[in-house]
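Notes follow once the structure below has been shown.
Every read-out reported here was derived from the displayed coordinates using simple, explicitly stated rules and does not represent laboratory data. Note that this is a predicted model, so its numbers are computed, not measured. Neighbour counts are summed over all protein chains in view; Cβ atoms, including those assigned to glycine, are modelled from backbone coordinates with ideal geometry.
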C-alpha cells in the first residue's frame, strides 16, 4: 500500500485526479448559486416558504442559466469520470512519468478551460475544442493502457 | 495485491464504497417502479403493447414522481462518484483508521438520509443539509489527501 | 505497484473496464453526430453562425434522436460507473480468475448489446433484459466483495 503512494506517477495521478474531481464537484454549488440568484427550483419543498401561489409557480420554472450550469456539470460527469477510470489503470500500468504528466496536465487544463467556456458562453469552437482535447487525452491513455495490459 | 485487502482502512473503504454504490444503483429500480406505477415512459418501444394511440401518448408524458426519482439518482451520481474517487485515493494515502472511519460513516449516513429526504419530499432544509454534509466530508478527505501526496 | 498489473484478475479487469469505458465515451460523439445531422443544439453560441433568426430558433429545439442518444449515455453512466467501482474492489479482493472473467464478460456484452438496443430502438424487452443482466452481474460482484472484506 505504502508503495502505491511512493510511486511518482501514482502521486501525480492522485493530485490531478483530486483537482479535476474538486472542479467537477464545484459545479454543484455553481448550480445552487444560479438557482437562488435566478429564483429557479425543481422541487415543491424547495419553495415552501413562498406563500404567493403565483410566485411559487414562477420559481418552479426552468431558467436558462441553471440549465447551462447543469449541462456543464453533466459534460464533466461524461468526461472526467472516464478520465479517472482510464487514468487510474494507466497510472498503475507503469508509464513514464514525463509522458504521464503531459496527459494529466493537458486533460486538467482542457477541462478547466471547458468550464469557463461553458459557463461564460465563449464563442465556439473554443468549447468544442477543449472538449475534444480532453477526450483525445483519455483515448491516448486508454491506448497506452491496452497495449500494456490487454487480456481478454 | 493481498496487502491492499489486508489493510484495515482499505477494507473499510471497500465496504462503505460498496454500500453507497449499491444505494445509488437502487435508484434505477426505484425509477422503473415509478415508471410502471405512474405509467410514464420515455421510449416508443417501451409502450409498444398499448394499441390505443391516445393512451400511448399519455404514457410517453413525463410524470413528476419519475422526474423526482431521476433527480435523486442524478444527485447521487454528482456526489457519490466524487466520494469514490477522492475516498479511494485518500484510503491509499495512509490515513488513521479512526479518522477515515468517521469520514466514510458520515458520508454514507448523509447520502442514505438524502435519498429518503428526496423521494419522500421532507421539508427543507433537511435535504440541503444532508447534501452539504456529504460534500464537506468529501472536501475534508480531498484536503487530507492533497496535503499528503500533492505533486504537480 | 508492478504486482497489481502482474495479477491476471486485475489485468482482465483493466482490459474490460477500459473497453466498457471507451464504449461509454463513444456516446458523446454519437450525440454530437445526431446534433449535427438533426440540427438540434442546446446553446446559443453553438448556432451563432446561423443568421436567420427563424432557423436559429429551430436549431435550439430538442430532437428525439438526440434525446435518445442522451438517455442511452445517461443509462451507461448509471450502470457502468457502479460496475467500475464494484469491479475494481472485487478484482482486488482476490476472486478466482475464471469466475471474475465470467462477470467481466457478461457485463461487457450486456452493455454493448444495450447500446445497440437503445440507439436502434429494438423491440422490448431486449433492452430491459440487457439492463437487468448488467445490473445483476454488478450485484453478484458486490455480494462476493462484501462477504470477503466486510468491515463496518
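Here are the numbers for the structure shown:
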| read-out | value |
| --- | --- |
| Chain B: C-alpha gyration tensor shape, a/c 1.5 cut-off, then a/b vs b/c | prolate |
| Residues of the stretch A:113-131 with amide N under 17 Å of a point placed 7 Å along Cα→Cβ from residue C:55 | none |
| Relative contact order (%) - criterion: Cα under 8 Å, at least six apart; region: the stretch C:1-95 | 38 percent |
| Estimated [θ] at 222 nm from DSSP helical runs (n ≥ 4, -39500 (n - 2.57)) normalised by residues in chain B, nearest 500 | -27000 deg cm²/dmol |
| In degrees, nearest ten, helix A:8-38 long axis to first principal axis of chain A (Cα) | 10 degrees |
| Residue mean of other protein chain beta carbons inside 10 Å, C:20-32 | 4 |
| Shape of the protein assembly as shown, Cα gyration tensor, a/c cut at 1.5 | rounded |
| Peptide B:88-101 - average C-beta neighbours from other chains (10 Å radius) | 3 |
| Point-to-point label distance, residue A:102-residue C:48, nm (Cα→Cβ direction, 7 Å offset) | 3.1 nm |
| Principal-axis tilt of helix B:64-92 within chain B, Cα atoms, nearest 10 degrees | 20 degrees |
| Residue with peak Gaussian network fluctuation, chain B [Cα springs, cutoff 10 Å], from B:127, B:68, B:38 | B:38 |
| Separation in nanometres of the label points that stand 7 Å from Cα toward Cβ, at residue B:150 and residue B:109 | 3.0 nm |
| Number of partner chain Cβ atoms within 10 Å, mean per residue of B:12-19 | 6 |
| 0 to 90° range, to nearest 10: angle between helix A:126-149 axis and chain A longest Cα axis | 40 degrees |
| Estimated distance in nm for a label pair at residue B:133 and residue C:38, the labels positioned 7 Å out from Cα along Cα-to-Cβ | 4.1 nm |
